[in-house]
Amino acid sequence: MKTINDFNFKDKKALIRVDFNVPLNENFEVTDDTRIKSAKPTIIKILEDGGSCILMSHLGRPKGVQNEFSLKHIVDKIEDIIGVEVIFAENCIGEKTEELASNLNPGQVLLLENLRFHEQEKSGDRDFAEQLSKLGDIYVNDAFGTAHRAHASTTIVAQFFSEHKCFGYLLAQEIESIQKVMETGEKPVLAVLGGAKVSSKITIIENILDKVDHLIIGGGMTFTFIKAQGGSVGDSICEDDKMELALDILKQAEAKNVKIHLPIDVLAANAFSNDAETKVVDVTQIPDGWQGLDAGPKSKLIFDDVVKQCKTILWNGPLGVFEMESFANGTIELGNSIAEATKNGAFSLVGGGDSVAAVKQFGFQNKVSYVSTGGGAMLESLEGKTLPGIAAILD
Ligand code: AMP
């Protein structure tokens with residue numbers, strides 16, 4: 001795997017695909033700068049080598065050129081974070097931009113305007129990618145968040161760099177973290193899959209059964225498994241059309257010697273509301289009019305025990321409706337268990353969809369080994385897919 005450590009950027013112009021798709025408030029101020037901070041090590045390494053950086057990213061989902069999606073709004077923030085002046089190119093391609101890029105001196109940083117102001121970015125247009133490629137000597141992909149898209153700047157552009165392309169630190173770290181869980185992880189390996197629906201996680205479950213020793217299934221997915229086995233789930237979220245699949249997963253797990261842990265009790269509520277009446281019930285005996293919205297106390301103890309036995313842990317999806325305080329405790333306690341296991345030497349990776357939001361909300365980001373920066377990209381990696389943005393560098 002070629003990373004930026006394999007290159008010396010002295011007098012080279014690095015064309016870097018970053019993920020600066022950051023949230024802005026109504027005054028166009030960055031409200032979460034994690035993604036900019038995450039790209040800093042790559043930018044600094046190139047500048048310290050004596051090279052220059054041409055940063056390219058998308059921001060939001062513009063329809064053509066729209067001021068509110070301009071990357072000019074984040075120039076100051078990038079300057080604050082990397083401590084270097086940022087030159088802004090008002091278009092990501094074109095003569096003027098080529099001139100700015102060719103005049104760039106070692107140590108300088110150029111930020112290109114939103115790639116998605118051109119529809120050719122998303123369509124993966126070859127001519128557009130070629131125009132981008134003219135700006136730099138070495139292509140660096142450091143945007144995991146878009147690595148699952150075959151867009152011009154994430155994938156197609158790599159074709160124009162033959163040997164001169166590599167992963168930035170962030171993307172390399174993402175790839176290594178996934179490998180640590182899926183391929184080289186110390187045993188026992190555990191995956192915790194929560195979230196709302198079996199249907200959105202099915203490919204992940206099937207792929208992961210070949211990689212793990214333990215699988216905790218929690219959250220709304222629980223009830224499809226419980227009902228399929230003859231339990232009463234009351235008004236809990238349940239996909240009746242996936243019950244057969246759930247039984248098949250249980251069978252596959254048994255054949256593959258994977259131990260599946262489902263909740264045995266739940267915190268049930270008489271409405272989908274933070275203020276609903278609640279009671280702890282057996283997961284197989286949820287009365288009509290009640291729905292399971294969080295893991296119960298016995299389940300939490302079992303999960304804690306499993307987590308602490310394992311040396312490699314992947315966590316995707318909350319164990320309950322964590323957005324409501326009354327049903328966040330199962331997710332918080334699981335986070336605490338994973339944090340403790342990590343402190344005792346386990347490798348823990350959190351990623352995909354809502355788990356990152358939960359981890360940030362409850363302050364676990366520094367207590368786990370790695371928090372992925374990619375939602376969809378992480379989910380597709382866990383499904384076992386090769387991401388086009390990664391394949392393009394490995395080619
Ligand atoms: P996902 O994006 O598939 O990881 O699902 C995350 C969502 O699952 C969150 O919004 C949670 O509120 C929701 N969720 C977790 N547990 C339950 C449950 N028992 N019933 C309904 N929704 C749940």
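The values are calculated or read from the model by the stated rules, or taken from the named source; none is laboratory data. What you see is a predicted model, and the numbers here were worked out from it, not measured in a lab. Positions of Cβ are backbone-derived with ideal geometry, glycine not excepted, and every protein chain shown enters the neighbour counts. Ligands, DNA and RNA are excluded from the accessible area calculation, which covers all protein heavy atoms including side chains. Shrake-Rupley method; radii C 1.70, N 1.55, O 1.52, S 1.80 Å.
Tabulated results
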item	result
Residues being closer than 16 Å to SER381 by Cα, open to solvent by 10 Å² or more (accessible area, probe 1.4 Å) and in contact with a Ser or Thr (Cβ under 8 Å, 6 or more places away or on another chain) - total across region 166-176	1
Near pairs, Cβ below 6 angstrom, 6+ apart or cross-chain, from region 256-270 (closer than 14 Å to GLY194 by Cβ and open to solvent by less than 30 Å² (accessible area, probe 1.4 Å)) to any residue that is in a strand (DSSP E or B) and of a type in the set (Gly, Ala, Ser)	PRO263/ALA295; VAL266/GLY292
The lone exception for THR184 - which of (1) open to solvent by 10 Å² or more (accessible area, probe 1.4 Å); (2) touching a residue at least 12 places away in the same chain (Cβ under 8 Å) it fails	(2)
Selection count, region 358-373, where residues are open to solvent by less than 40 Å² (accessible area, probe 1.4 Å) and touching a Ser or Thr at 6+ places or on another chain (Cβ under 8 Å)	5
Any chance ALA392 is over 22 Å from ILE208 (Cα atoms), open to solvent by less than 30 Å² (accessible area, probe 1.4 Å), part of a helix (DSSP H, G or I) and touching a residue at least 24 places away in the same chain (Cβ under 8 Å)	yes
Residue tally, condition under 14 Å from LEU319 (Cβ atoms) and not in a strand (DSSP E or B), over region 173-202	4
Hits in region 1-23 (condition: modelled with pLDDT under 95 and aliphatic (A, V, I, L, M))	MET1, VAL22
Number of positions in region 203-245 that are acidic (Asp, Glu) and outside any loop (DSSP other than H, G, I, E, B)	4
Check on GLY194, over 30 Å from LYS134 (Cβ atoms), touching a residue at least 60 places away in the same chain (Cβ under 8 Å) and not aliphatic (A, V, I, L, M)	yes
Count - residues of region 309-348 that are in a strand (DSSP E or B) and more than 14 Å from the ligand (Cβ to nearest atom)	4
Region 190-204 - residue that is farther than 16 Å from SER299 by Cβ and crowded, with 24+ Cβ neighbours inside 10 Å and, of those, nearest to the ligand (Cβ to nearest atom)	LYS201
Among the residues listed as ASP294, ASP305, ASP282, ASP354, the single one being acidic (Asp, Glu) and modelled with pLDDT under 95	ASP354
Any hit, region 302-311, residues being open to solvent by less than 60 Å² (accessible area, probe 1.4 Å) and of a type in the set (Lys, Arg)	no
Of all residues in region 205-226 being within 13 Å of the ligand (Cβ to nearest atom) and over 21 Å from the mean Cα position of the chain (by Cα), the one that is surrounded by the fewest Cβ atoms within 10 Å (Cβ to Cβ)	PHE225
Region 29-45 residues that are touching a residue at least 12 places away in the same chain (Cβ under 8 Å) and closer than 18 Å to LYS12 by Cα, paired with ones that are open to solvent by less than 40 Å² (accessible area, probe 1.4 Å) and outside any helix (DSSP H, G or I) (beta carbon under 6 Å, 6 or more apart)	THR42/ASP142; THR42/GLY168; ILE43/CYS53
